[in-house]
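A.B. asks: Here's a structure for you.
The values are calculated or read from the model by the stated rules, or taken from the named source; none is laboratory data. Please read all numbers here as calculations on a predicted model, not as lab measurements. Here the Cβ positions follow ideal geometry from the backbone for every residue, glycine too, while neighbour counts run over all protein chains shown. SASA here: full protein model, heavy atoms, side chains in, ligands and nucleic acids out. Shrake-Rupley method; radii C 1.70, N 1.55, O 1.52, S 1.80 Å.
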Amino acid sequence: MTTPLLFQPLHLGALALPNRIAVAPMCQYAADDGSATDWHLQHWMTLAMSGAGLVVVEATGVERRGRITHGCLGLYTDANERAMARALAAARAVALPGTRFGIQIAHAGRKASSQRPWEGARALGPKEDPWQTIGASAIPFSDGYHTPREMTEEDFADVKAAFVAAARRAARLGFDEIELHYAHGYLMHSIQSPLSNRRSDARGGKGGVAFLHEAAEAVRAAVPASIAVGARITGSDWVEGGLVAADAVALAGALKDIGLAFVCVSSGGNSLAQKIPTGPGYQVHLAEAVKKGTGIGTRAVGMIVTPQQAEEVLQSGAADQIAFGRAFLDDPRWGWHAAQALGVDVPRPPQYERAKPALWAGAAMAR
């Protein structure tokens, strides 16, 4: 029997992965001034045993003002680095054979200084220790959000330097993959999109996307070639006059030329006027456009839930890898169950061998 594509090995640049399942970066809002806590330790250890070939750590602020909330993870101080080293070491200690770890480094831009989702997800109030946000233009994300200060040339230089510094810390920590967050309305996406970048100087228009190129080139040059560097990019703003698939193809092509190994194609998040046609695999056609237009390693993400659906996406040639987010929160053993559903086996800790389907009839995947 031919091994399903979902469980076939994949190379992203110099990085070898045992399968094509990735855990998408998912904010946990559980950090202490950017530093990982016991929550991250248990969360990463759980994901390390999930059966995913790649586990990507949540959006991680490259500077303190680049966090979304007070609870967001960061990698901008030695204390952040030490705390992350502890949690990552614990995850590696229990990881299934071949599991690799990535990190998404990010700057929240005009969506920073916000409350955690369960606190309201609005701008921090005067008594909640807010901070000044920055953006390509002084345009708030929406009513009730802070108005960002328009970035100066010094700000652009500082942000690029912060991405490089965080990438170097990630390399020291031993991450196998570094993903630049260029999506979801955060700083880099907002610099690229005409919806949020209304500048008339050199950083406006095409100068916005040029800054994304500059930052990517600087990060790629700052870390060893053995680390796969890529980016999560925007396939569509879903707003008239915003970014479209052709913009994603152009950005991905430029990133490939710079030396990046992959892109993860997402969409939306930069305007509440967006009209997203939400449904199973609603972003797959955007990933397909990028893959066919550039040939760069391409990850599809977004409401891909079942192993059969994921396999169909790979078999169609629309993507090389699939990222799953909420599926792993719902079922931390999703990779094991997906293998069972597709008729293959994956390694599991010997302590859990007694739960293999061949040894326990109750292990049938009920999905």
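A.B. asks: Please list the three semi-axes, largest first and in whole Å, of the ellipsoid equivalent to region 64-220, using sqrt of 5 times the eigenvalues of its alpha carbon gyration tensor. All intermediate terms of the calculation are to be shown ahead of the outcome.
C.D. replies: Details: eigenvalues 159, 83, 32 Å².
Here the semi-axes work out to 28, 20, 13 Å.
A.B. asks: Then there is this: Just subtract the alpha-carbon distance of Tyr352 and Arg168 from 0.36 nm times their residue separation and send over the number in nm, one decimal.
C.D. replies: Details: separation 184, 0.36 × 184 = 66.24 nm, distance 3.64 nm.
Extra length from Tyr352 to Arg168 when fully extended: 62.6 nm.
A.B. asks: When Lys and Arg each count +1 and Asp and Glu each count -1, what net charge do the other residues less than 11 Å away from His40, Cβ to Cβ, add up to? The partial results should precede the final answer.
C.D. replies: Details: positive: Arg86; negative: Asp32, Asp38, Glu58.
Residues close to His40 contribute a combined charge of -2.
A.B. asks: Return the Cα extents of the chain along principal axes one, two and three, sorted largest first, each rounded to a whole Å.
C.D. replies: That works out to 64, 42, 39 Å along the principal axes.
A.B. asks: Could I ask something else about it? In region 90-126, which residues have a backbone nitrogen under 16 Å from the label point lying 7 Å from Met45's Cα in the Cα-to-Cβ direction?
C.D. replies: Answer for this model: 90-96.
A.B. asks: Which listed residue (Ala79, Ala339, His40) has the Cα farthest towards the positive end of the charge dipole for the chain, taking +1 on Lys and Arg C-beta and -1 on Asp and Glu C-beta about the Cα centre?
C.D. replies: Final value for the positive-end residue is Ala339.
A.B. asks: What lysines does Lys292 reach when the alpha-carbon gap must be under 22 Å and sequence neighbours fewer than 8 apart in one chain are set aside?
C.D. replies: In chain and number order, the partners are Lys256.
A.B. asks: Out of all DSSP beta bridges with both ends in region 29-111, state the antiparallel percent to the nearest 5. Display every interim value, and only then the final one.
C.D. replies: Working: 1 of 9 bridges.
Percentage antiparallel, nearest 5: 10.
A.B. asks: On to the next question. Rounded if a/c is under 1.5, else prolate if a/b is larger than b/c, else oblate: which is region 293-367, with a ≥ b ≥ c the root eigenvalues of its Cα gyration tensor?
C.D. replies: On the way: a/c = 2.35, a/b = 2.20, b/c = 1.07.
Here region 293-367 falls in the prolate category.
A.B. asks: Then there is this: At a 1.4 Å probe, what is the % contribution of carbon and sulfur to the accessible area of region 78-205? All intermediate terms of the calculation are to be shown ahead of the outcome.
C.D. replies: Working: 2570 of 5090 Å².
Result for region 78-205: 51 percent of the exposed heavy-atom area is carbon or sulfur.
A.B. asks: Please identify, among Pro277, Pro25, Pro332, the residue showing maximal mean-square fluctuation in a Gaussian network model of the chain using a 10 angstrom Cα cutoff.
C.D. replies: It is Pro277.
A.B. asks: Percentage of Cα-Cα pair distances in region 142-300 greater than 29 Å, rounded to whole percent? Before the final figure, lay out the partial values.
C.D. replies: Values: 2099 of 12561 pairs.
Cα-Cα pairs of region 142-300 separated by over 29 Å account for 17 percent.
A.B. asks: While we're here: Per DSSP H run of at least 4 residues, take -39500 (n - 2.57); add these up for the chain, divide by its residues and hand me the 222 nm value, nearest 500 deg cm²/dmol. Mind dumping the intermediate values first?
C.D. replies: Details: 10 runs with 119 residues, N = 367.
It comes out at -10000 deg cm²/dmol, rounded to the nearest 500.
A.B. asks: Further, regarding this structure: Running a GNM on the chain with Cα contacts under 10 Å, which residue among Thr60, Thr69, Thr306 ends up with the highest mean-square fluctuation?
C.D. replies: Maximum fluctuation in the GNM of the chain, among the listed residues, is at Thr306.
A.B. asks: Mind running the shape call on region 198-240? Use the C-alpha gyration tensor, a ≥ b ≥ c as the square roots of the eigenvalues: rounded below 1.5 for a/c, prolate if a/b tops b/c, oblate otherwise. Mind dumping the intermediate values first?
C.D. replies: Working: a/c = 6.03, a/b = 1.61, b/c = 3.74.
Since a/c reaches 1.5 but b/c is at least a/b, the shape of region 198-240 is classed as oblate.
A.B. asks: Moving on. Report the calculated FRET efficiency for Glu214 and His285 (r = Cβ-Cβ distance, R0 = 35 Å), to the nearest 0.05. Before the final figure, lay out the partial values.
C.D. replies: On the way: r = 29 Å, r/R0 = 0.84.
Computed FRET efficiency for Glu214 and His285: 0.75.
A.B. asks: Hey, could you grab the Kirkwood Rh for region 218-283? Inverse mean 1/r over distinct alpha carbon pairs, Å, one decimal.
C.D. replies: Values: mean 1/r = 0.0759 Å⁻¹.
When all Cα pairs of region 218-283 are included, the Kirkwood radius is 13.2 Å.
A.B. asks: Restricting the count to DSSP beta bridges whose residues both fall in the chain, what percent are antiparallel, rounded to a multiple of 5?
C.D. replies: Details: 5 of 41 bridges.
If I count the DSSP bridges inside the chain, around 10 percent turn out antiparallel.
A.B. asks: What distance in nm separates the two pseudo spin-label positions at Glu119 and Thr152, each 7 Å out from Cα along the beta-carbon direction?
C.D. replies: 2.9
A.B. asks: If you don't mind, another one. Could you state the number of Å between the C-alpha centres of region 132-204 and region 280-334?
C.D. replies: Answer, in whole Å: 26.
A.B. asks: With a cap of 16 neighbouring Cβ atoms within 10 Å, and only residues DSSP puts in a loop, list the chymotrypsin sites (Phe, Trp or Tyr not before Pro) found in region 126-232.
C.D. replies: Numbers: sites: Trp131, Phe141, Tyr145, Phe156, Phe163, Phe175, Tyr182, Tyr186, Phe211; in loops: Trp131, Phe141, Tyr145, Phe175, Tyr182, Tyr186.
Qualifying residues, ordered by number: Trp131.
A.B. asks: Another question, if that's okay. May I ask you to give the solvent-accessible area per residue for the chain, in square angstrom, as obtained with a 1.4 angstrom probe?
C.D. replies: Details: 14410 Å² over 367 residues.
It amounts to 39 Å² per residue over the chain.
A.B. asks: Here is a follow-up. Estimate the FRET efficiency between Ala16 and Asp143 by the formula 1/(1 + (r/R0)^6), using the beta-carbon distance for r and 41 Å for R0, to the nearest 0.05.
C.D. replies: Working: r = 48 Å, r/R0 = 1.16.
According to the calculation, E is roughly 0.30.
A.B. asks: Hey, if you drop one equal point scatterer on each alpha-carbon of region 21-94 and run the Debye formula without solvent, what base-10 log of I(q)/I(0) do you get at q = 0.11, 0.12, 0.16, 0.24 Å⁻¹?
C.D. replies: Evaluating at q = 0.11, 0.12, 0.16, 0.24 Å⁻¹ gives log10 I(q)/I(0) of -0.24, -0.29, -0.51, -1.06.
A.B. asks: Continuing with the same structure: Using the Cα gyration tensor of region 19-62, with a ≥ b ≥ c the square roots of its eigenvalues, what is the shape: rounded (a/c below 1.5), prolate (a/b larger than b/c) or oblate (neither)? Show your work: numbers first, answer last.
C.D. replies: Values: a/c = 3.31, a/b = 1.69, b/c = 1.96.
The shape class here is oblate.
A.B. asks: I've got another one for you. Quick one: dipole size for region 104-198, taken about the Cα centre, charges +1 on Lys/Arg Cβ and -1 on Asp/Glu Cβ, in debye to the nearest 20. Intermediate values should be presented prior to the final figure.
C.D. replies: Numbers: 11 positive and 12 negative charges, 19 e Å.
In debye, rounded to 20, region 104-198 gives about 100.
A.B. asks: Separation between the Arg82 and Asp257 pseudo-spin-labels, each 7 Å from Cα along Cα→Cβ, expressed in nm?
C.D. replies: Spacing of the two 7 Å Cα→Cβ label points: 4.5 nm.
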